Amino acid sequence: TADLKASNVKLGTDTIGNIALSGSYDGAKRLLSLDPQTGIYRGASSLTASGNMSFDKNTYQQLDGSIQFNAAPVSWVEPFFIGYISKVSGSLNGNIAIKGTSQQPDISGKVNLQNAGMRIDFLGSYYTIPEGEINVSNTKIDFGEITLFDSYKNKAQLNGYIRHDHFKDMSLSLRLTSDKFEVFNLHDYENQIFYGNLLASYDPLTI
């Protein structure tokens, strides 16, 4: 059994918060169990995980667990995308269920995004998303229809999905529609190939 806690954990320059790991391992059954209090905590925000994972090859390494987002800061992912996105803000709420096996997990759930914002570094543009709903399944990460705003408060509608087969063979299908929206905003010292400020209309732009 284990009950471990780490305080004021940092990842890069960002303070993640407190991390708790609580659970047990049954050597005879080769079964790892995580208690619901396992997760990351910072103030009233948390990301918790619970459930079982079998390491027994005879059971095809079965999974039965879930991940719960409770006002979890989107900024927790920023250290993994240094050079791609920055100035990340917003929160996530929802639940993702994980079943199946380690080789072919069955994942389903819904996550709500609130007051999100980020700078796309290679474009230099900062976008905000007041709210959005992301549905996850074994075949699709569906963004539904999300309203984006640029730094000038111009509005765009984004809808589409990422199709996949248990997170393999991914393909992207997105559509962006707007009368006027910022494409990029870069200084000459940020990009030698293209720089300046460009706004354009999308009617629609399909990716």
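The values are calculated or read from the model by the stated rules, or taken from the named source; none is laboratory data. The structure presented is a predicted model; accordingly, all values stated were derived computationally and were not measured. Counting neighbours? That spans all protein chains shown, and the Cβs are built from the backbone with ideal geometry, glycine included. Please note that ligands, DNA and RNA were not included when accessible areas were found on the heavy atoms of the full protein model with its side chains. Shrake-Rupley method; radii C 1.70, N 1.55, O 1.52, S 1.80 Å.
Screening the range 119-146 for residues that are free of Cβ contacts under 8 Å to residues at least 24 places away in the same chain and exposed (fewer than 15 other Cβ atoms within 10 Å of the Cβ) and picking the one that is nearest to residue 202 (Cα to Cα) gives 145.
Only one entry in 190, 145 is assigned to a loop (DSSP other than H, G, I, E, B) and among the acidic types (Asp, Glu), namely 190.
Of the residues examined, residue 23 is not one that is surrounded by 17 or more Cβ atoms within 10 Å (Cβ to Cβ), in contact with a Phe, Trp or Tyr (Cβ under 6 Å, 6 or more places away or on another chain) and of a type in the set (Gly, Ala, Ser). Just to be sure I understand, how many residues within the range 147-188 are open to solvent by less than 80 Å² (accessible area, probe 1.4 Å) and either in contact with a Cys (Cβ under 6 Å, 6 or more places away or on another chain) or farther than 21 Å from residue 97 by Cβ (or both)? Residues in the range 147-188 being open to solvent by less than 80 Å² (accessible area, probe 1.4 Å) and either in contact with a Cys (Cβ under 6 Å, 6 or more places away or on another chain) or farther than 21 Å from residue 97 by Cβ (or both): 23 in total.
Taking the stated definitions as given, is residue 21 hydrophobic (A, V, I, L, M, F, W, C) and without any contact (Cβ under 8 Å) to a residue 24 or more places away in the chain?
On the way: hydrophobic (A, V, I, L, M, F, W, C): yes; without any contact (Cβ under 8 Å) to a residue 24 or more places away in the chain: yes.
When the stated conditions are applied, residue 21 passes them.
If residue 18 passes every condition in (1) among the polar types (S, T, N, Q); (2) under 30 Å from residue 121 (Cβ atoms); (3) crowded, with 17+ Cβ neighbours inside 10 Å but one, which one does it miss? Evaluating residue 18 over (1) among the polar types (S, T, N, Q); (2) under 30 Å from residue 121 (Cβ atoms); (3) crowded, with 17+ Cβ neighbours inside 10 Å leaves (3) as the failure. Of all residues in the range 19-42, those satisfying the criterion of being part of a loop (DSSP other than H, G, I, E, B) and not charged (D, E, K, R) are 27, 28, 36, 37, 38. Among the residues of the range 58-65, are any charged (D, E, K, R) and part of a strand (DSSP E or B)? Within the range 58-65, one or more residues are charged (D, E, K, R) and part of a strand (DSSP E or B). Being assigned to a strand (DSSP E or B), among the hydroxyl-bearing types (Ser, Thr, Tyr) and touching a residue at least 40 places away in the same chain (Cβ under 8 Å): is that true of residue 202 here? Judged against the criteria, residue 202 is a match.
Take residue 83 and decide whether it is farther than 29 Å from residue 33 by Cβ, open to solvent by 20 Å² or more (accessible area, probe 1.4 Å), out of contact with any strand residue (DSSP E or B) (no Cβ under 8 Å at 6 or more places or on another chain) and not hydrophobic (A, V, I, L, M, F, W, C). For residue 83, the condition - farther than 29 Å from residue 33 by Cβ, open to solvent by 20 Å² or more (accessible area, probe 1.4 Å), out of contact with any strand residue (DSSP E or B) (no Cβ under 8 Å at 6 or more places or on another chain) and not hydrophobic (A, V, I, L, M, F, W, C) - is met.
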